[in-house]
Structure formats: structure tokens, C-alpha cells
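**Student:** Handing you a structure now.
Every number here is computed from the coordinates shown, using simple stated rules; none is lab data. Computed from a predicted structure; not experimentally measured. Reconstructed Cβ throughout: ideal geometry from the backbone, glycine too, with neighbour counts over all protein chains shown.
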Amino acid sequence: MLKLFRALDRNPQWLAAWTLIALVGTLASGHVLSGVAAPLAEKTGFKLVDLQFSGWYPILDAIRPGQRSVNDLLASVGFETHRASDIIQAWQKAGLLETARRAQRIDFVFAAAYGVFALLLAVTLWRIQPEYPRRVRSVRLIALGTIAAALDEIENVGLWTVLRGSGDAGEVSFLLPTAVATLKVVFLIAALVGLVVSLVRAHNAFESSAEIPTDAADRRPGPSA
């Protein structure tokens, strides 16, 4: 990881420019994805993310600590999962299957954009850490966003395989995409934690370097008589 960081750190101007470009690409593709996918939830109540995590449904629905399943308990707080077949059938009936396919295609671009941005942002924040140019754990956590993006692409391939066909989906076919999506979320959370820690550490280092020691201030020569 450190070798990769150093390879990307050869030109600060280049790094800043490409980080900004990656940020714009992430925001732009995310905005387009949100707009294209909006009709799915508006007309059927099912979002693209519901399909991504539909592989959890047979597992959570089968676990019953009492009279209600875990999925029913999650539903009471708005986090229930749904059958993949129910989601796709709802989109088909509403004439939105092509919309789902279009959104899924855009998600390929979005994942690539935020993956590149996460890596470049990690290198950028690495430069302003007090330990630079040595290893910094919090910065390496930010780079996990790139791994999350790679997992996102694997998940996208699995979902696209179903969506590009007739839309027929079995519960088993979504176990792998859902497992990958879950792991992706874990990495994204870790990357977010790394981002916050890195920003706080960089801010504290800047504040410390900006402070003038009291004894140094006392030693300053006074105004000439």
C-alpha cells in the first residue's frame, strides 16, 4: 500500500487535479444514478438497494426468536428485506425493468468513480499527516473505499446478470451479490472512520504547528527605545 501511495505522490499538482476530477465524477455519477433510480422507489416502493440486499431475506425470514421472524422485527424499524422476485415483479408490472437496468449500468460508473476518488483522497490526506512520509493507519483505512468499489463492481455484475435477462430471479442467485454488498458496506464504514480520524489528526497537527510557544514569545525583543 505504501509503495502505491508513493507512486501516486510524485507530483502534488497532478494529485490535486485528479483528486478533484475524481470527486466531480463521483458527485456527477451519483447524482445521475439517484435521478434515474428515483422512479423505482416512487412507483413501487422498492429501491435498487433493496435488490442488492434481497439475498438476506430467506435467512432473516427463517430465523424466528419468537412468533415473529428477524425480518419482521427489522420491518418495525424500517430495515426489512424483501424477496428478489417480488422486487423485480413489481418493477415489471410498473414498466420499470428497463429503468432498473439503466440505473444498474450507471452504478458501474459510480463505483469506479468513488473507488478512484477514495484512493486519491487517501494519498492527499497522507501528505498532510504528521507522520508523512511514513505509514499512517487511518489513511490506509480511507483506501478501503477503493476495495469497497471493487466489491461494488462484483455485486453489479451479479445484479446485471439477472436484470439483463427476463428478470427471473431465485433467492439463491442473490446470496453472493448480497454477501458482497454487505462486505462493501463494512469497508465503506471503515473508510469513513479513517477519513474522520485523518482529518482530525491533520487539523490537530496544523493547530500545533501554528501555535507560538509562550517562552518563545517572551524571548522576542521588545520595541527599541
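**Student:** Which FRET efficiency value, to the nearest 0.05, do you get for SER85 and TRP14 by plugging their Cβ-Cβ distance into 1/(1 + (r/R0)^6) with R0 = 45 Å?
**Tutor:** Computed FRET efficiency for SER85 and TRP14 comes out at 0.40.
**Student:** Where nothing but the Cβ of Lys and Arg (+1) and of Asp and Glu (-1) is charged, how large is the charge dipole of region 65-162 around its Cα centre, in debye to the nearest 20?
**Tutor:** About 360 debye.
**Student:** Could you order the peptides 67-77, 47-57 from most to least packed, using the average number of other C-beta atoms within 10 Å per residue?
**Tutor:** 47-57, 67-77
**Student:** Extension gain THR182-ILE154, at 0.36 nm per residue separation less the Cα-Cα distance, in nm?
**Tutor:** That works out to 8.9 nm of additional length.
**Student:** Could you give the length gained on full extension between ILE189 and ARG64, defined as 0.36 nm per residue of separation minus the Cα-Cα distance, in nm?
**Tutor:** Difference between extended and current length: 42.1 nm.
**Student:** Tell me the Kirkwood hydrodynamic radius of region 2-208 in angstroms, computed as one over the mean inverse distance between distinct C-alpha pairs.
**Tutor:** That comes to 18.8 Å for region 2-208.
**Student:** Please list, or write none, the lysines whose alpha carbon is within less than 25 Å of the alpha carbon of LYS47, excluding same-chain residues fewer than 8 places away.
**Tutor:** LYS93, LYS184
**Student:** Contour minus end-to-end for ARG105 and VAL196, with contour as 0.36 nm per residue of separation and end-to-end as the Cα-Cα distance?
**Tutor:** 29.7 nm
**Student:** Which listed residue (SER54, VAL139, PHE206) has the Cα farthest towards the positive end of the charge dipole for region 2-208, taking +1 on Lys and Arg C-beta and -1 on Asp and Glu C-beta about the Cα centre?
**Tutor:** Ranked along the dipole, the leading option is PHE206.
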